[in-house]
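Undergrad: Let me begin by handing over the structure; questions about it come next.
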Amino acid sequence: MEFLIKPKGKFNIGLQELVEYKELFYFFTWRDIKVKYKQTAFGFLWAVLQPLFMTLVFSFFLGSSIKQQSDLLMPYPIFALSGMLLWIAFSNGLSNASNSMVNNANIIKKIYFPRLIIPISAILVALFDFFISLFVFFIFCWIYKTSLKWEAILFMPLSVLMVSFAAIGGGTFLAAINIKYRDVRYAIPFFLQGLLFVTPVLYPVNFAKNEAIQLLLKLNPISGPLEILRASFSNQVINIETVLLSALTSGVLFITGVVYFRKTESYFADLA
């Protein structure tokens with residue numbers, strides 16, 4: 001019997017191999033979570049304080065103004081907090097993933113395993129924080145007497161899944177570039193700060209009166225997940241156009257990021 005050993009195609013995501021090494025997702029994720037909260041006084045509460053603080057600030061300074069100029073079907077603090085939860089999950093996941101290969105340089109130089117596991121595990125850490133802060137969101141819903149709809153059972157996981165795909169796409173792309181150009185780690189905070197204000201996190205899409213700007217907002221990969229999530233606890237009708245355009249952007253971002261990562265991972269150990 002003859003066996004032919006050859007490298008996997010660079011355009012092959014390697015899903016079967018990721019399944020074979022599935023235990024590494026747990027070990028890398030749990031390791032990063034322990035390192036993140038080690039020797040902290042508040043521990044997991046930091047995952048709650050960030051979105052809560054941002055929500056209170058924006059509700060105080062912008063809440064009444066945005067409420068008057070748009071047709072919100074929910075209290076503004078609920079609107080803002082739901083946006084901040086998804087945004088922080090995306091931004092932290094993107095930031096973690098982009099630096100993950102550099103931070104794990106010693107490991108990738110010593111042993112082989114699917115390199116995609118590292119950035120994806122970094123994104124799972126951000127999702128862990130998201131689910132912790134989700135409890136605070138439920139408390140806010142109770143305070144403002146905003147009840148969740150039964151569709152939330154489907155809508156919330158779908159929203160998180162779409163954000164995860166967008167974060168994986170962007171994170172793997174930036175992680176691959178960061179290996180070669182270390183400027184990326186300095187540019188990402190500026191990029192995310194600017195992206196926050198062109199994402200309908202703190203204001204609805206229809207807050208922009210210009211149709212061209214509305215189209216750009218709909219193309220944002222976070223707009224669709226926000227649209228779906230907010231329909232879970234309001235009478236808001238899901239804008240299908242926003243969801244489809246956002247999903248299209250997320251799909252393109254995911255494919256581009258993962259394919260580029262797989263195409264360039266052969267030299268990661270040399271440059272890391």
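Undergrad: Take the residue pairs 36/149; 22/110; 109/180; 34/145; 180/263 and return only those whose Cα atoms are more than 25 Å apart. Could you put the intermediate results ahead of the total?
TA: Values: 36/149 34 Å; 22/110 19 Å; 109/180 15 Å; 34/145 35 Å; 180/263 14 Å.
In this structure, 36/149; 34/145 lie more than 25 Å apart at Cα.
Undergrad: In addition: Tell me the accessible surface of residue 267 in square angstrom (1.4 angstrom probe, heavy atoms of protein chains only), to the nearest ten.
TA: Counting only protein heavy atoms, the figure is 60 Å².
Undergrad: With an 8 Å cut-off on Cα pairs and a minimum separation of 6 or more residues, tell me the relative contact order of segment 35-111 in percent. Write out the running numbers ahead of the final one.
TA: Details: 21 pairs, mean separation 21.7, N = 77.
The value is 28 percent.
Undergrad: Here is a follow-up. If one takes the longest principal axis of the Cα atoms in the chain, at what angle in degrees, from 0 to 90 and to the nearest 10, does the Cα axis of helix 76-103 lie?
TA: For helix 76-103, the angle is close to 10 degrees.
Undergrad: Relative to the longest principal axis of the C-alpha atoms of the chain, give the angle of the C-alpha long axis of helix 22-37, reported between 0 and 90° and rounded to the nearest 10°.
TA: Around 60 degrees separate the two axes.
Undergrad: Let me ask you something else. Could you pull the accessible area for residue 57 with a 1.4 Å probe, rounded to 10 Å²?
TA: About 50 Å², rounded to the nearest 10.
Undergrad: For the chain, what is the charge dipole size about the Cα centre, in debye to the nearest 20, if Lys and Arg each add +1 at the Cβ and Asp and Glu each add -1 at the Cβ?
TA: Values: 22 positive and 14 negative charges, 114 e Å.
Around 540 debye, computed over the chain.
Undergrad: For residue 128, what accessible area in Å² do you get when you roll a 1.4 Å probe over the heavy atoms of the protein chains, rounding to the nearest 10?
TA: The accessible area of residue 128 comes to roughly 60 Å².
Undergrad: Defining a contact as two alpha carbons under 8 Å apart and six or more residues distant in sequence, what relative contact order in percent does segment 1-141 show? Show your work: numbers first, answer last.
TA: Numbers: 98 pairs, mean separation 50.7, N = 141.
Computed over segment 1-141, the figure is 36 percent.
Undergrad: Under the definition of Cα pairs under 8 Å and six or more residues apart, what whole-number percent is the relative contact order of the chain?
TA: Working: 354 pairs, mean separation 73.2, N = 272.
Normalised by residue count, the contact order of the chain is 27 percent.
Undergrad: If you take the beta carbon distance between residue 73 and residue 145 as r and set R0 to 22 Å, what does 1/(1 + (r/R0)^6) give as a FRET efficiency, to the nearest 0.05? Before the final figure, lay out the partial values.
TA: Numbers: r = 14 Å, r/R0 = 0.62.
Calculated value: 0.95.
Undergrad: From the protein chains alone at 1.4 Å, what is the descending order of accessible area for 85, 62, largest first?
TA: Numbers: 85 10, 62 70 Å².
Ranked list, largest accessible area first: 62, 85.
Undergrad: In degrees from 0 to 90, rounded to the nearest 10, what is the angle of the helix 46-69 Cα long axis to the longest principal axis of the chain?
TA: 40
Undergrad: Keeping all protein chains in place and using 1.4 angstrom, which order do 253, 45, 195 fall into by accessible surface area, from largest down?
TA: Working: 253 55, 45 95, 195 35 Å².
Of 253, 45, 195, the descending order of accessible area is 45, 253, 195.
Undergrad: Tell me, what is a quarter of the convex hull surface for the C-alpha atoms of the chain, in nm² with one decimal?
TA: On the way: hull surface 68.0 nm².
Answer in nm², one decimal: 17.0.
Undergrad: Next question. Positive end of the charge dipole of segment 105-225 (Lys, Arg +1 and Asp, Glu -1 on Cβ, about the Cα centre): tell me which of 132, 215, 114 has its Cα farthest that way.
TA: Of the candidates, 114 comes out farthest on the positive side.
Undergrad: So, one more: Just to confirm the filter: which chymotrypsin sites (Phe, Trp or Tyr not before Pro) across segment 42-74 are DSSP coil and have at most 12 other Cβ within 10 angstrom of their Cβ? Mind showing how you got there, number by number?
TA: Numbers: sites: 42, 44, 46, 53, 58, 60, 61; in loops: 42.
Hits after loop and neighbour filter: 42.
The values are calculated or read from the model by the stated rules, or taken from the named source; none is laboratory data. None of these values were measured; they are calculated from a predicted model. Quick reminder, even Gly has a Cβ in these numbers, built from the backbone with ideal geometry, and neighbours come from all protein chains shown. With ligands, DNA and RNA removed, areas are computed over all heavy atoms of the protein, side chains included. Shrake-Rupley method; radii C 1.70, N 1.55, O 1.52, S 1.80 Å.
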